[in-house]
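Have a look at the structure below before the remarks.
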Amino acid sequence: MPKTLQEPPSALSSFQASKRRFVGRAAETKRLIGALSDASGGDARLVMLLGEPGIGKTLLSEWVSAHAMSLGDRVVWARCWAHGAPPYWPWIQIFRDLLSDRSSAKASPGNEAAISRIKRSLPELRLEERNLDIPSGGLAGGSSSRISEVPETERFAFFETVSDLLKQVANIAPLVVVIDDLHLADTDSIQLLSFVARDFARSRILVLVTCRDEWSILPPERAAALGELAREAERIDLKGLTNDEVAEFVRKSTSIEPDQHLVSSLRSRTSGNPFFLDGLARLLTDGTALPDQLGKTGLPIPPTIVAAVERRLEPLSSVARRVLRLASVMEEEIDASILAQASGLSRPELTEAIEEAIGNGLLISVPDGRALRFNQGLVAESVRAGMTKGELRTLHGSVAQALEHLHGEDLEPHIAPTCFPFC
Ligand SMILES: Nc1ncnc2c1ncn2[C@@H]1O[C@H](COP(=O)(O)OP(=O)(O)O)[C@@H](O)[C@H]1O
Ligand SMILES: [Mg+2]
């Protein structure tokens with residue numbers, strides 16, 4: 001557990017830092033500007049920004065925050081944290097900001113009772129100290145009156161107090177609440193947000209949450225709470241950048257003018273995921289690759305990408321991880337029968353592992369449903385990059401044996417693509 005938890009960075013400064021490289025998202029920014037304008041006119045909105053890791057949820061939220069601040073809105077940020085955060089951590093961050101000394105909410109008459117109620121329920125607010133060091137027992141240790149342990153009626157009263165206070169704050173200036181990575185929040189925090197969203201009509205509030213779009217890997221209670229919240233929300237699903245946007249991305253981040261060939265190979269390796277594009281573009285700017293090598297496999301994969309892919313594999317079962325490692329040494333279209341043979345798994349075991357990988361956005365099934373593919377070629381490359389030569393050789397041997405078993409004498413047409421790139 002880390003010794004300190006970071007305060008959210010200023011959305012404006014984070015966004016300004018990356019503004020020069022911001023590309024695309026015209027439709028999304030238009031919708032978000034519309035939501036901001038509705039909210040500031042008293043038609044409160046809850047927007048969920050969904051998408052895979054690295055697709056640009058945080059950057060787009062920073063864009064919205066910077067825009068809202070330029071209009072004079074009050075913007076508060078919370079970032080959810082997976083490991084060891086206390087219950088209601090996103091709300092603790094929100095109220096630390098809203099109730100800080102510089103806040104007008106604190107001074108407003110009529111808010112004192114609500115504020116002391118919230119302070120009682122969330123002892124970790126510790127507004128007076130403004131010291132984010134975690135005590136030795138952890139932030140979650142301590143008061144027995146914490147709201148996560150109280151009866152339903154008290155919990156309801158707490159939810160209502162939070163909701164009322166947010167509306168009061170929004171009376172002073174339009175309020176934008178951003179909660180980043182809500183899929184990492186505790187279930188109570190998500191339920192509190194659902195309560196607020198049902199209660200905030202006709203107030204000047206925009207709540208913008210970012211969230212992974214794959215919930216099957218989450219604890220069932222949390223996935224159910226997110227599903228319930230999604231019913232109250234407007235969804236914006238972020239997809240990969242288009243070919244034109246990939247070209248603009250390359251232009252802005254490397255100053256080279258990419259040709260069509262480079263653009264389409266980059267797009268097919270990354271599916272337009274900006275985090276992956278950024279990692280590849282850095283190979284160019286740090287001199288590891290020449291422009292015409294950038295779209296090709298065979299270059300070292302940046303460690304940041306290998307680590308990010310490892311993080312995506314982490315929550316999967318060991319069987320699913322094994323299947324993905326095996327799939328990564330197969331041809332681009334992964335033949336399910338070869339995968340079955342090479343893995344030695346029973347059909348139900350393999351199906352479960354594949355469903356897990358699909359649910360986590362790592363594999364997709366190709367349209368005829370008989371084969372699979374990695375969602376991004378770069379993920380397969382990163383999985384391979386995370387293995388030793390010996391591990392690769394063993395997997396390659398299993399695939400070769402499976403091919404021989406299934407195709408026997410007729411092996412020749414199947415060898416070339418499958419052996420890539422280890423023959
Ligand atoms: N529209 C965009 N234009 C340029 N760069 C982007 C864009 N969206 C995301 N990025 C960059 O890609 C990386 C991942 O974006 P981020 O917002 O952190 O993704 P997510 O929050 O979905 O995991 C960051 O370096 C970010 O600056
Ligand atoms: Mg993010």
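If the condition is being at pLDDT below 90 and under 21 Å from the mean Cα position of the chain (by Cα), then the range 231-267 contributes no residue at all. Restricting the range 326-340 to residues that are assigned to a helix (DSSP H, G or I) and surrounded by fewer than 19 Cβ atoms within 10 Å (Cβ to Cβ), the residue that is nearest to the chain's Cα centre (by Cα) is Ala336. Being in a loop (DSSP other than H, G, I, E, B) and under 23 Å from Glu404 (Cα atoms): is that true of Glu349 here? Here the answer is no, as Glu349 does not meet what is asked.
Going by the structure shown, is Arg146 modelled with pLDDT of 65 or more, surrounded by 14 or more Cβ atoms within 10 Å (Cβ to Cβ) and among the charged types (D, E, K, R)?
When the stated conditions are applied, Arg146 does not pass them.
For Ala247, the criteria (1) touching a residue at least 60 places away in the same chain (Cβ under 8 Å); (2) not assigned by TED's automatic domain parsing to the domain that holds Glu62; (3) not acidic (Asp, Glu) hold in every case but one, which is (1).
Any chance you could count how many residues in the range 31-71 are within 15 Å of ligand 1 (Cβ to nearest atom) and of a type outside the set (Lys, Arg)?
Here the count works out to 21.
Count, please, the residues in the range 256-280 that happen to be assigned to a helix (DSSP H, G or I) and near ligand 1 (Cβ under 10 Å from one of its atoms). Qualifying residue count for the region: 6. The single condition among (1) closer than 24 Å to Leu59 by Cα; (2) of a type outside the set (A, V, I, L, M); (3) surrounded by 20 or more Cβ atoms within 10 Å (Cβ to Cβ) that Ser203 does not meet is (1). Taking the range 216-243 as the range and being within 30 Å of Ala281 (Cα to Cα) and free of Cβ contacts under 8 Å to residues at least 60 places away in the same chain as the test, only Asn243 passes.
Please pick out the residue among Val209, Val169, Val177 that is outside any helix (DSSP H, G or I), within 15 Å of Val76 (Cα to Cα), assigned by TED's automatic domain parsing to the domain that holds Ala85 and over 17 Å from the mean Cα position of the chain (by Cα). It is Val177. For the range 9-30, the criterion of being at pLDDT below 95, within 14 Å of ligand 1 (Cβ to nearest atom), of a type in the set (Ser, Thr, Tyr) and buried (at least 17 other Cβ atoms within 10 Å of the Cβ) is met by at least one residue.
Assuming Ser255 fulfils every condition listed in (1) more than 16 Å from ligand 2 (Cβ to nearest atom); (2) surrounded by fewer than 18 Cβ atoms within 10 Å (Cβ to Cβ); (3) in contact (Cβ under 8 Å) with a residue 40 or more places away in the chain apart from one, which condition is it? Of (1) more than 16 Å from ligand 2 (Cβ to nearest atom); (2) surrounded by fewer than 18 Cβ atoms within 10 Å (Cβ to Cβ); (3) in contact (Cβ under 8 Å) with a residue 40 or more places away in the chain, only one is false for Ser255: (3). Out of the range 72-91, which residues are in a loop (DSSP other than H, G, I, E, B), over 13 Å from His183 (Cβ atoms) and touching a helix residue (DSSP H, G or I) at 6+ places or on another chain (Cβ under 7 Å)? Correct list: Asp73, Pro86, Pro87, Tyr88. Summed over the range 72-91, the residues that are in contact with a Ser or Thr (Cβ under 6 Å, 6 or more places away or on another chain), within 16 Å of ligand 1 (Cβ to nearest atom) and aliphatic (A, V, I, L, M) give a count of 0. Note on the range 159-198: residues that are within 16 Å of ligand 2 (Cβ to nearest atom) and without any contact (Cβ under 8 Å) to a residue 60 or more places away in the chain total 0. Among the residues of the range 92-100, is any at pLDDT 95 or above and part of a loop (DSSP other than H, G, I, E, B)? Checking the range 92-100: not a single residue is at pLDDT 95 or above and part of a loop (DSSP other than H, G, I, E, B).
Looking only at residues of the range 180-197 that are under 15 Å from Met48 (Cα atoms) and not in a helix (DSSP H, G or I), we find that the one that is farthest from ligand 1 (Cβ to nearest atom) is Ala185.
The values are calculated or read from the model by the stated rules, or taken from the named source; none is laboratory data. Every value quoted in this text rests on a predicted model; they were computed, and no experiment measured them. Note: ideal-geometry Cβ built from the backbone for every residue, glycine included; neighbour counts use all protein chains shown.
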